Amino acid sequence: MSALPPEQSSAANSAPKPGVLSLAIKEKAALYASYMPFVKGGGLFIPTNKSFKIGDEVFMLLSLLDDPTKLKVVGNVIWLTPVTQGNRPQGIGVQLSEKDGGLEAKNKIEALLGGALKSGKPTHTM
């Protein structure tokens with residue numbers, strides 16, 4: 001017997017579940033290396049060996065530096081790094097949603113990075 005009422009169980013079985021990723025970025029340098037300010041709405045590189053496709057929706061629980069608050073953010077996969085390439089780790093690039101926590105996350109990340117955004121240091125993305 002299903003734990004969900006019949007009207008919910010069929011919807012739950014047919015709708016693809018978004019990937020759920022938990023990401024804790026403890027250092028400003030790691031945040032800089034992962035953030036993509038050039039992506040509309042902001043984006044993050046997330047190291048993972050999970051399998052994703054371009055366009056997949058992901059739900060992230062994001063911890064930034066020493067802030068105990070976890071940000072709940074929805075985004076879409078916009079590129080894949082399938083295997084480690086040189087000094088770039090395997091993972092996915094996620095464009096933050098302009099709603100669903102994305103704008104809050106973008107603003108918080110940019111406030112934490114401040115002037116470092118103009119740095120020419122290499123990142124995990126470019």
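Quick notes
- Checklist (1) touching a residue at least 40 places away in the same chain (Cβ under 8 Å); (2) of a type in the set (Val, Ile, Thr); (3) under 15 Å from Gly19 (Cβ atoms) applied to Ile109, failing item: (3)
- Any pair with Cβ under 8 angstrom, 6 or more apart, that starts in the stretch 20-34 at a residue that is surrounded by fewer than 17 Cβ atoms within 10 Å (Cβ to Cβ) and ends at one that is among the β-branched types (Val, Ile, Thr) and assigned to a strand (DSSP E or B): Val20/Val58
- Qualifying positions in the stretch 62-89 - closer than 12 Å to Asp100 by Cα and in contact (Cβ under 8 Å) with a residue 40 or more places away in the chain: Val74
- The residues on offer are Leu44, Leu112, Leu62, and the sole one that is in a helix (DSSP H, G or I), surrounded by 14 or more Cβ atoms within 10 Å (Cβ to Cβ), modelled with pLDDT of 85 or more and in contact with a Leu (Cβ under 8 Å, 6 or more places away or on another chain) is Leu112.
- Thr123 meets the conditions (1) assigned to a strand (DSSP E or B); (2) modelled with pLDDT under 90 in every case but one. The failed one is (1).
- Filter pass, Lys53 being assigned to a loop (DSSP other than H, G, I, E, B), modelled with pLDDT under 90 and more than 24 Å from Gly114 (Cβ to Cβ): no
- Scanning the stretch 75-84 turns up at least one residue that is surrounded by fewer than 18 Cβ atoms within 10 Å (Cβ to Cβ) and modelled with pLDDT under 80.
- Of the residues making up the stretch 85-109, those that are closer than 21 Å to Asp56 by Cβ and exposed (fewer than 14 other Cβ atoms within 10 Å of the Cβ) number 3.
- Residues within the stretch 65-74 that are in a strand (DSSP E or B), surrounded by fewer than 20 Cβ atoms within 10 Å (Cβ to Cβ) and in contact with a Leu (Cβ under 7 Å, 6 or more places away or on another chain), tallied: 3
The values are calculated or read from the model by the stated rules, or taken from the named source; none is laboratory data. What you are looking at is a predicted structure, and each value in this text was computed from that prediction instead of being measured. Every residue, glycine as well, gets a Cβ built from its backbone with ideal geometry; the counts of neighbours run over all protein chains shown.
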